[in-house]
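**Student:** This is the structure, below, for whatever I ask next.
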């Protein structure tokens, strides 16, 4: 994972300049849309917010307005929606990415190398050049990049760059020397080292092999982490995201969240999932933490990994990759290890969220959930993170045992050509199968996996209802039978995402008694084309009755 770099002290601005609701407030003259107590779409025209930041009343047009109001906000006829909830991202990685080299918008290896060289020259004081976002598939490279290519632009300092999916890293020779990496290094279980013809590591390390070089990278300082959290919140609020599920929380991440909570700068709501059993125990002890800071922070459970990613050919498949015969992916956790870890968490009522991308990984996870559900009864809400490639024969099983399908619509838009290459045309049924999985009875919770994809809920919403990318391609949608309705998409980004993190009744809907987390946007996503929905502009973001973001008019 991305580690650290020196941070410019000048970037010390606050997350926002909030407008505090210290008494009952009427937000009037809005075109409101929310999910009601029955899960149905409801339209309204005003909200009454109590002085504790909860919603007191939801008013429709023609309803009598209360007279005991201290403050009134004019919504100017804009569209009000519940705050978007990103059900799967990485808060600190998102913030740190903004402070290091970002290659996510590069379209070729040559462009990336120019960008890397320019960044190194512009930052002569950085002992390591760190960053991420590269994608050899997007570059059309047909292979992984090499250390030699990095050496040509940065020979004097170590370079360590994370692939867009977080499941592979690219090092130059200097970085490998710092970590003691040579031809004799052994590949760790659950990892892969891409090698040259002479057995020398090429510079790309996949999944658990990332740690071979990562151990040599200096860790971020507390002040770096604090700034990264501030940057992450700024990004999320500008995109209308008021709550997230943080997948893979470390003790250092948790302490960063706690520092922000203690000093009053934690505005985002974070449902955290520990990176390991050790972190889970250290953070929470004998069970999930209570909700802290007025429902802004809770450690719900643990995030586990079964396999890698499709782009780095780490996702485990039942049949070999179409573009690498004989290779079926990389199992990060064995079936026995998976069950032991899930049992350890479930024993103390921690929620279990498991990364499973390939059809073999998803099948094994479904088997494990079925087995463990016999011993661990009750409302477990087992979470399958990603569920990107599922054998059609296994889809019906998602409707059993209260499974949450935590999926990311933007992955489908970004991955479709790569998925076709990895799987071949005959194995695409069950790929990013939102409608089929929901029809089976699983509850969909949508996110972005940021910084893997942009933290853009409306782009995800548009992909979910159209199966097209930002250019409207392919015409008619990719496997269009797997689109979902706009109502389903809104639920997946709001009330379902809250339910997936045991936050229902606290936030996720604009109904009486829940937190007043809402956004004002420039158009109605229910009356806009997918392309217009994708470019919805967030004008204001409110959390707990407090404005935390306002778009500056230009």
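Only the coordinates and a few stated rules stand behind these numbers; no lab work does. Keep in mind the model is a prediction, meaning the values are calculated, not measured. Cβ sites come from the backbone with ideal geometry, for glycine too, and all protein chains shown count toward neighbours.
**Student:** Using the per-residue mean of other Cβ atoms lying within 10 Å as a proxy for protection, in what order, highest first, do the peptides 195-204, 437-446 fall?
**Tutor:** For the peptides 195-204, 437-446, the packing ranking is 437-446, 195-204.
**Student:** How do 241, 519 rank when sorted from fewest to most other Cβ atoms within 10 Å of their own Cβ?
**Tutor:** Working: 241 29, 519 25.
Listed from fewest to most nearby Cβ atoms, that is 519, 241.
**Student:** Which of the three applies to segment 446-537, rounded, prolate or oblate, going by the alpha-carbon gyration tensor with a ≥ b ≥ c and a/c under 1.5 meaning rounded?
**Tutor:** Prolate, because a/c is 1.5 or more and a/b exceeds b/c.
**Student:** Order of 364, 246 from fewest to most other C-beta atoms within 10 Å?
**Tutor:** By the 10 Å Cβ count, ascending: 364, 246.
**Student:** Going from the alpha-carbon gyration tensor of segment 89-232, what semi-axes, largest first and in whole Å, does one get by taking the root of 5 times each eigenvalue? Can you show the working numbers first?
**Tutor:** Working: eigenvalues 103, 61, 49 Å².
For segment 89-232, the ellipsoid semi-axes come out as 23, 17, 16 Å.
**Student:** For segment 168-265, just say rounded, prolate or oblate: build the C-alpha gyration tensor, square-root its eigenvalues into a ≥ b ≥ c, call rounded for a/c under 1.5, and beyond that prolate if a/b exceeds b/c, oblate if not.
**Tutor:** prolate
**Student:** Using only Cα atoms, find the angle between the long axis of helix 251-263 and the longest principal axis of the chain, and express it within 0 to 90 degrees, rounded to the nearest 10.
**Tutor:** Its long axis makes an angle of about 30 degrees.
**Student:** Based on DSSP H runs of at least 4 residues, each adding -39500 (n - 2.57), what is the mean residue ellipticity at 222 nm of the chain after dividing by all its residues, to the nearest 500 deg cm²/dmol?
**Tutor:** Numbers: 17 runs with 156 residues, N = 554.
Roughly -8000 deg cm²/dmol at 222 nm, from the helical runs in the chain.
**Student:** Tell me, how many Å apart are the Cα centres for segment 270-292 and for segment 101-145?
**Tutor:** Answer, in whole Å: 35.
**Student:** Using only Cα atoms and rounding to the nearest 10 degrees, what angle (0 to 90) does helix 222-238 make with the longest principal axis of the chain?
**Tutor:** The answer is roughly 60 degrees.
**Student:** A further question follows. Shape of segment 129-173 from its Cα gyration tensor (a ≥ b ≥ c, root eigenvalues): rounded if a/c is under 1.5, otherwise prolate when a/b > b/c, or oblate? Can you show the working numbers first?
**Tutor:** Values: a/c = 2.44, a/b = 1.43, b/c = 1.71.
It comes out oblate by the Cα gyration axes.
**Student:** Okay, next question. Once the Cα atoms of helix 109-122 and of the chain are each reduced to a long axis, what angle between those two axes, in degrees from 0 to 90 to the nearest 10, is obtained?
**Tutor:** With rounding to tens, the tilt is 80 degrees.
**Student:** Measure off 7 Å from each Cα along the Cα-to-Cβ vector at residue 118 and residue 554, then give the distance between these two points in nanometres to one decimal.
**Tutor:** That separation, rounded to one decimal, is 1.9 nm.
**Student:** Once fully extended, how much extra length lies between residue 43 and residue 148, figured as 0.36 nm per residue of separation less the alpha-carbon to alpha-carbon distance?
**Tutor:** Contour length minus the Cα-Cα distance gives 31.9 nm.
**Student:** Moving on. Run the simple label-point estimate for residue 258 and residue 396 please: 7 Å along Cα→C-beta, distance reported in nm.
**Tutor:** 4.8
**Student:** Also: Looking at the chain, send over the antiparallel percent of its DSSP beta bridges, to the nearest 5.
**Tutor:** 45
**Student:** Could you give the length gained on full extension between residue 104 and residue 276, defined as 0.36 nm per residue of separation minus the Cα-Cα distance, in nm?
**Tutor:** Working it through step by step, the gained length comes to 59.1 nm.
**Student:** Same structure, new question: Arrange 85, 251 by Cβ neighbour counts within 10 Å, fewest through most, would you?
**Tutor:** Least to most surrounded, the residues fall as 251, 85.
**Student:** Distance between Cα centroids, segment 490-554 to segment 423-468: provide it in whole Å.
**Tutor:** Each part's Cα centre sits 19 Å from the other's.
**Student:** Per-residue counts of other Cβ atoms within 10 Å, averaged by peptide: what ranking do you get for 37-43, 336-342, highest first?
**Tutor:** Sorting 37-43, 336-342 by mean packing, highest first, produces 336-342, 37-43.
**Student:** I'd like the distance separating the alpha-carbon centroids of segment 174-240 and segment 360-414, in whole Å.
**Tutor:** Here the two parts' Cα centres lie 29 Å apart.
**Student:** Mind checking the full-extension length gain between residue 319 and residue 69? Use 0.36 nm per residue of separation minus the Cα-Cα distance, one decimal, nm.
**Tutor:** Length gained between residue 319 and residue 69: 83.6 nm.
**Student:** Mind giving me the nanometre distance, one decimal, between the label points for residue 379 and residue 182, set 7 Å out from Cα along Cα→Cβ?
**Tutor:** That separation, rounded to one decimal, is 5.9 nm.
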